[in-house]
Amino acid sequence: MNGNTTAPVISEPSSTDAPLNRRGGPVVRVELFCRLAPFLIVLWMTSLSTLPALDFWWHIKAGQVILETGAIPVKDIFSFTAAGHPYFLQNWLAEVLLYLVYRAGGPPLVIFFHTLLLIGTALPVYLLAVRRASAIQNAALAACLAVIPLALHSHIRPQAFSFLLFAWFWFVLAEFRSRRTRMLWLLPVLMVAWVNLHGAFVLGIVLILLFIVLDVAARLFHESECFTSLEIRKVVSALVLTCAATLVNPQFLGIYDYVVTTVWHPVALARVTEWQSPDIRSFGDVVRFFAPFFLTTFILIRSKAKPRVEDVGILLAFAVFALTARRNGAWFAMIAGPVIAAYLDLRIGSRADRVEKRKLNLVIAAVLVVCTLLSLPWIQQQLTDQSPERLFLDPSLPLGAANFIEARQLKGHIFHPQSYGDYLIWRLWPAQRTFIDGRVPIFSRELARDYFDILDARPDWELRTQRYGIQYLLLDRNAADQEKLVEAAKKTGWHVLFEDERSVLFTKSRTEAGS
């Protein structure tokens, strides 16, 4: 690559350069705030999370089952509509870890653990930005632009482990590309864990392949900073070993069938929101993907340095991937942050020109410390009289109804919205099994059609409930998509058995309702 095509990179100032105040003590520098900014953003955004209705509760129940039985289930045991359907728990290791964390400290510890996972994800992204940026403020801004969409995308579920491992794959490969490390041997080691934590492990393989393909593209464009033949052999060897490492799982080659089934399941593609393509008319999609994408494009176009082929190529690859589904925007953000760090050129004056305002900086530092402490789940719990369930759980969950069903030991089949399914697994299994839940790939198209017809209170909705032997309806009182069914149930002989501010439980039995 020609000398004028690479964005300038300078070394970070030594800690011995810290300015002194008039009394000889160190001051709190602006650079410190820059360094902390990406991590504080992650901490503040994720510490205020609640345990979600979908894609969390059934995972920790699965972790409990695995630990108590010493075996990983290979068929559905949680629903009555897909009972016995082959379904292997690919995320088994994440499920065990999440259950152990929940058992050790309940919702607050789970939220904090999730925050630590995302801070661990932000670290390699930040380090790569620092390596490539011309100044610390540019690195910090680029890292912040990466972690904000990441935090918005990351719900408390096994996918957070994939974010962590993807970021470190990206770091090891980029550092090897820059000839700062030879630790490619870490990739197959990390893959052994990843393949048992979450299905996005295939992105690790994709990332290695991209580095090889983009190096070939760089040669075609006559860029000088390409892999040597020895380095190419090392990357190819790492690819082979990493692919081999994916077989270190209880399913062996069957793990790839799980990935294909999950990604291309017709019900998920047609009905699950996060599997839909992002819509530029949606504010959430703009914040999570379109704004970072257009900002990245603008920075590259306005940069004085000519963008490298590898940078443009990897950005385009993950931008296309992000356009295939809403859930894929986080990967683009993690790639884009370190890439644009090399092309940002914000300047806030030289060290000699800046006057460190010691008192103001100390006040800012104190405010940041207070905000950080207040964001911690345990501090939040001390500052309110709400129960941990009300404070840390998704407010739509049917806590009261689950307590009632458990106390009354109801045995009949319950129809409920999908958003209730995962929590009912956690609270009521094995006494109760779900109609539908977050494990979309195990449910047939016919079941999905019947589910939506009942939920929409179609003319034959009661006939469909009879097909599944439904004796109870558990509905969300505050959900707009269930208002018609609530009204229809009241008009067709269903009787309210339990009701609170969140949910309503109907029974077909007048005698049971009267008791």
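From the list Gly313, Gly329, exactly one residue is crowded, with 20+ Cβ neighbours inside 10 Å and assigned to a helix (DSSP H, G or I). Which is it?
Gly329
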Note to self: Against the definition (modelled with pLDDT under 70, of a type outside the set (Asp, Glu) and farther than 26 Å from Ile156 by Cβ), how does Gly24 come out, yes or no?
What the structure shows: yes
Next item on the list: Could you please give the count of residues in the stretch 376-401 that are surrounded by 13 or more Cβ atoms within 10 Å (Cβ to Cβ) and part of a loop (DSSP other than H, G, I, E, B)?
Entry: 5
Note to self: Whether any residue in the stretch 348-357 is at pLDDT 90 or above and charged (D, E, K, R) is what I want to check.
What the structure shows: no
Notebook entry, point to check: Consider Val363 against the criteria (1) β-branched (Val, Ile, Thr); (2) surrounded by fewer than 21 Cβ atoms within 10 Å (Cβ to Cβ); (3) touching a residue at least 24 places away in the same chain (Cβ under 8 Å): it satisfies all of them except one. Which criterion is unmet?
Noted result: (3)
Notebook entry, point to check: Of the residues that make up the stretch 161-176, is at least one surrounded by fewer than 19 Cβ atoms within 10 Å (Cβ to Cβ) and either in contact with a strand residue (DSSP E or B) (Cβ under 6 Å, 6 or more places away or on another chain) or closer than 21 Å to Leu207 by Cα (or both)?
Noted result: yes
Checklist line | Subset of the stretch 264-310 [surrounded by fewer than 13 Cβ atoms within 10 Å (Cβ to Cβ), basic (Lys, Arg) and farther than 26 Å from Phe221 by Cα] | finding: Arg281
Next item on the list: Determine which single condition Gln432 fails, assuming it passes every other condition in (1) within 29 Å of Thr273 (Cα to Cα); (2) loosely packed, with under 13 Cβ neighbours inside 10 Å; (3) under 33 Å from the mean Cα position of the chain (by Cα).
Entry: (2)
Notebook entry, point to check: Can we say Val496 is buried (at least 16 other Cβ atoms within 10 Å of the Cβ), out of contact with any Cys (no Cβ under 6 Å at 6 or more places or on another chain) and among the β-branched types (Val, Ile, Thr)?
Noted result: no
Notebook entry, point to check: Can you tell me which residue in the stretch 443-460 is farthest from the chain's Cα centre (by Cα), limited to those that are surrounded by 20 or more Cβ atoms within 10 Å (Cβ to Cβ) and within 16 Å of Thr492 (Cα to Cα)?
Noted result: Ile454
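Quick grid of which residues meet (1) assigned by TED's automatic domain parsing to the domain that holds His198; (2) over 22 Å from Ser162 (Cβ atoms); (3) surrounded by 19 or more Cβ atoms within 10 Å (Cβ to Cβ):
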site	(1), (2), (3)
Ser47	yes, no, yes
His59	no, no, yes
Ile66	no, no, no
Ala104	yes, yes, no
Note to self: Give me the helices (runs of 4 or more DSSP H) completely within the stretch 169-272, filtered to those with at least 3 residues that are modelled with pLDDT of 95 or more and under 23 Å from Tyr126 (Cβ atoms), ordered by residue number.
What the structure shows: 186-194, 202-220
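The values are calculated or read from the model by the stated rules, or taken from the named source; none is laboratory data. This is a predicted model, so every value here is computed, not measured. Every residue, glycine among them, receives a Cβ derived from its backbone with ideal geometry; neighbour counts consider all protein chains shown.
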